[in-house]
Amino acid sequence: MPLVKNGRITTDLFVHVADGAELPGDGAVLISAARFLEDPEAILKRAGKTGVIWPNNRAVDDLVPYLDRLAAVALLFPTFRDGRAYSQARLLRERHGYDGELRATGQVLRDQFVFMSRAGFDAFEVKKDADADAFAETMKRYSVFYQPTGDGRVTALNRRMQLRHSESAGQ
Amino acid sequence: MYAYDELDRTLINERVSEFRDQVKRRLSGELTEDEFKMLRLQNGVYLQLHAYMFRVAIPYGTLSSKQLRRLAYIARRYDRGYGHFTTRQNIQFNWIKLAELPDALAELAEVGIHAMQTSGNNMRNVTSDQWAGVAPGEVEDPRIWSEILRQHTTLHPEFSFLPRKFKIAITASEHDRAAIKIHDIGLRLHKNADGETGFEVLVGGGLGRTPFIAKTIKPFVAGRDILSYVEAILRVYNQYGRRDNIYKARIKILVHELGIEKFAREVDEEWRQMGHSALTLDHSVIEEVRSRFSYPAYEKLPHMPDELKQAAHDPLFERWRKNSVAPHKVQGYSIVTLSLKPVGGPPGDATADQMDAIADLADKYSFGEIRVGHEQNLALPHVAKRDLPQLWKALDRLGLATPNVNLVTDIIACPGLDYCSLANARSIPIAQELTRRFANHDTADMIGRLHINISGCINACGHHHVGHIGILGVEKNGEEFYQITIGGRADENAQMGALIGPAVPYAEVADVIEDIVEAYLALRDRPEELFVDTVKRLGVEPFKERVYATR
Amino acid sequence: MTSPLEQKKIRITGPSVVTANRTWDGAVVYRTAQQGWSTALSDAAIVSTSDDARALLAESAADDVGAVGAYIAPVELNGGLVKPGNLREHIRSKGLTIDLLPA
């Protein structure tokens, strides 16, 4: 499954480690929330980077105390129709100031890339190769956005207000 | 009218291009139906019994004559020459081809019309009072807020995959014509004690298999805070709404299961944490949106022009005027309702020719503006009273002057089993038969205000629960049967109707309804007592006795 | 789309066909014995056992590009004529039961 990060298909530096499997001494790992929460401090003391796969039916509040020490948070889309992770993503980014990798995982498809990016995702485990290939092109689909989110894109309302100010300044 | 600017137009065109690409991938097999279904629904495309159905948004029910002509053109070019206006200020085309849809959308986009979020589990077309901006006594034009919400809800990055669909309606009048109490969020504009404009926010209303009347979650939210408050409600719903059972996924179930107090606390906590955010609307932003609504340059006209005095001698004109013409906030003008409920016709349908003719009449008599109401009728919102006689003649020729607005034959009906893949029974032929039974306008006048609502299945698109008389089609052993309720209403005193007795077969429905109406005429204590008030006073029993005594 | 699990439960009680809507235009179509689709009910492959119905449905559902939402529908056989087996299928096959224009 290709990983798209910073707009490009890249090698996944994180190793998915299953719950029963032994954690490697170093290197970046991606582990389940349950495993992480058993002993977060011990895991964070490891030499490698830590990423946590967070379920979409659990409030992100439990993860908040560790955010500044996590290198990645992966949020789940069991199907693309289940949109709970969009709220989790915005809360992590916009309320809790998380600035590490925010990864979308599960049924991640082309037609949700823009929504995911706007909600704060910057890494995508894309289900289909063709969708991963089309990432850059798909991200260019929209140039107008109505809602203010933490992604920094200027909203239509703001653009209009700017236009209005420049018009009145010119008079 | 709201004037789209370059940004609005760009976004709609970008959506058309995206959908064109999605259709292309579907037809090439790159997307399976399972993957494509939600994508097409997000753009108003259903698959019905005979064909794809295409639902186009008419935000807050306002159309320009140019837009209506384009809808007529779409009906002719891509469909079978007619369209169906729905209870949520949309228009549906029943015979559209998927392969041609991107072209149809592109042609609609040229006049600022789209189909975004007219279905799917997202925030649907924001609806409002069809008399918004012209009704006397309104707090202010609710369409300003409808448009702010329309923009905010369009392609929302967090709430496009909700547990289930989500509908918002707004009213600014004491008399609720937008049925806000049967919406997921209902907003009632009003002023608080300090004279500040804001909203009473209601939540958790809806019909379907588990009907609920919306409850007030907050009596007053200031206008500047409405986006953040709505966002707080949606965030709670998105995270906690049920996704395990499609029938329990609407916000009404979450509100019911948590209780309104607990749900309100969750929303308040979320809202508090959001704090002052980019969603807070400052005055200049609200004014920016307001400034893009244009209003007609009304003339100073007499309250009672000579043309109207003369026409009053014609009893047919007078009958229509009394029935279909409503007071306007500006002296000398009226709001005219165009009945899409001709005797024997499918409720809410209009032909392409009618749409074109209505567009012409709107240009001539209503500053080029048309409104669509949830009762599936149209309205011309700014007609000079002196023009009423001429307009009436023109409408009469088009079959759009049936003087039955709000009367027994002004029936709300879903498409039913004739079109819909979810339906269990037919709706339209029941409505047609009822309009024939009550075709005599004197009788209908004598009966007075009476809303009959018909749904072909429990999903309740025909709003049967809130009809003064509600008719629900069910299937029993492969036959069509109909459950009948009485006493429902959709206005500011909204409530669900009560079942009157066992379901009756297709062939008996019209007889039963006639019996109910006869029972009412015998039971009402004076001619002014409306059907729904008689039911309220006496309950279901006396009706039941009369209707079922001989059955 | 009917899942394989649901297909296992399928039991038919009389002659049946598989019907769906054509993907590109939505038209009502019937699965033929030649593994294609036809807009004419008279061209439909008729099955009379649950096993045959399941097999026909599985084959039809696999053609997701050709048609959407395949399912088994009852028919009545009258001499050589095939007729829809219920009101819904009658409407799908013959069209609306109503007059479009007021009368």
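Mind putting a number on the dipole of segment B:277-407 about its Cα centre? Charges go on the C-beta only, +1 for Lys and Arg and -1 for Asp and Glu, and I need it in Debye to the nearest 20.
440 debye
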Legend entry - In degrees, nearest ten, helix A:156-170 long axis to first principal axis of chain A (Cα): 40 degrees
Inset, instruction - Take the alpha carbon atoms of the protein assembly as shown, find their radius of gyration, then divide it by 2.2 N^0.38 Å using N residues; give the quotient. - result: 1.00
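How large is the helix-only mean residue ellipticity at 222 nm for chain C, computed as the sum of -39500 (n - 2.57) over DSSP H runs with n ≥ 4, divided by its residue count, in deg cm²/dmol to the nearest 500? Don't skip to the end; give the middle numbers.
Numbers: 3 runs with 26 residues, N = 103.
One gets -7000 deg cm²/dmol as the mean residue ellipticity at 222 nm.
If you take the Cα atoms of chain A, find Rg, then find the Kirkwood Rh from the mean of 1/r over all pairs, what is Rg/Rh? Please list the in-between numbers first.
On the way: Rg = 18.2 Å, Rh = 17.3 Å.
Looking at chain A, the ratio lands at 1.05.
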Inset, instruction - Give the span of chain B's Cα atoms along each principal axis, as three whole-Å numbers ordered largest to smallest. - result: 60, 58, 57
Inset, instruction - Go through B:63, B:44, B:339 and say which Cα lies farthest out towards the positive end of the charge dipole of chain B; charges sit on Cβ, +1 for Lys and Arg, -1 for Asp and Glu. - result: B:44
Legend entry - Base-10 log of normalised Debye intensity for segment B:32-157 (one unit scatterer per alpha-carbon) at q = 0.13, 0.18 Å⁻¹: -0.54, -0.98
Legend entry - Sum of -39500 (n - 2.57) over DSSP H runs of 4+, divided by residues of chain B (222 nm, nearest 500): -11000 deg cm²/dmol
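With a 10 Å Cβ neighbour count serving as the proxy for reagent exposure, in which order, fewest first, do A:143, B:427 appear?
A:143, B:427
With the Cα gyration tensor of segment B:263-319 in hand, give its eigenvalues times 5 under a square root as the equivalent ellipsoid semi-axes, listed largest first in whole angstrom.
On the way: eigenvalues 528, 82, 11 Å².
Equivalent-ellipsoid dimensions as semi-axes: 51, 20, 7 Å.
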Legend entry - Size of segment B:220-342 as Cα extents on the principal axes (Å, biggest first): 63, 40, 22
Legend entry - Nearest-ten-degree value, helix C:50-62 long axis tilted from longest Cα axis of chain C: 80 degrees
Inset, instruction - Give B:37/B:181; B:37/B:248; B:167/B:536; B:167/B:385; A:45/A:127; B:218/B:329 a once-over and call out the pairs whose C-alpha atoms are over 24 Å from each other. - result: B:37/B:181; B:167/B:536; B:167/B:385; A:45/A:127; B:218/B:329
Legend entry - Taking the C-alpha atoms of segment B:306-398, convex hull volume expressed per residue in Å³: 96 Å³
Legend entry - Cα centre as origin, Lys/Arg/Asp/Glu Cβ charges: chain B dipole, Debye: 520 debye
Inset, instruction - Name the cysteines of the protein assembly as shown that stand alone by the Cβ rule: no other cysteine Cβ under 4.7 angstrom. - result: B:420, B:457
Inset, instruction - Calculate the dipole size of segment A:3-140 relative to its Cα centre from +1 charges on Lys and Arg beta carbons and -1 charges on Asp and Glu beta carbons; express the result in debye to the nearest 20. - result: 380 debye
Legend entry - Overall Cα dimensions of segment B:147-301, principal axis frame, Å, largest first: 58, 35, 34
Inset, instruction - Work out the charge dipole of chain B with +1 on the Cβ of Lys and Arg and -1 on the Cβ of Asp and Glu about the Cα centre, then indicate which of B:283, B:75, B:101 is farthest towards its positive end. - result: B:101
Inset, instruction - Give me the distance between the Cα centres of segment B:444-476 and segment A:109-171, rounded to whole Å. - result: 44 Å
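When you have a sec, figure out the Kirkwood radius of segment C:4-88 from all distinct Cα pair distances and drop it here in Å to one decimal? List each step's numbers first, then the result.
Numbers: mean 1/r = 0.0785 Å⁻¹.
Answer for segment C:4-88: a Kirkwood hydrodynamic radius of 12.7 Å.
Where does segment B:184-259 land on the Kirkwood hydrodynamic radius, alpha-carbon pairs, in angstrom? Can you show the working numbers first?
Details: mean 1/r = 0.0762 Å⁻¹.
Kirkwood hydrodynamic radius for segment B:184-259: 13.1 Å.
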Legend entry - Residue (of B:456, B:439, B:378) at the positive-pole extreme of segment B:361-515, dipole from beta-carbon charges: B:378
Inset, instruction - List the lysines whose Cα lies under 21 Å from the Cα of residue A:49, skipping any in the same chain that are fewer than 8 positions away. - result: A:5
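Ranking B:496, B:355, A:161 by Cβ neighbours within 10 Å, fewest first, what do you get? Don't skip to the answer; put the middle values down first.
Values: B:496 18, B:355 27, A:161 15.
The fewest-first ordering by Cβ neighbours comes to A:161, B:496, B:355.
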Legend entry - Fewest-first ranking of B:420, B:461, using other Cβ atoms within 10 Å as the exposure measure: B:420, B:461
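Throughout, read-outs are computed from the coordinates displayed, never taken from laboratory work. This is a predicted model, so every value here is computed, not measured. Neighbour counts are summed over all protein chains in view; Cβ atoms, including those assigned to glycine, are modelled from backbone coordinates with ideal geometry.
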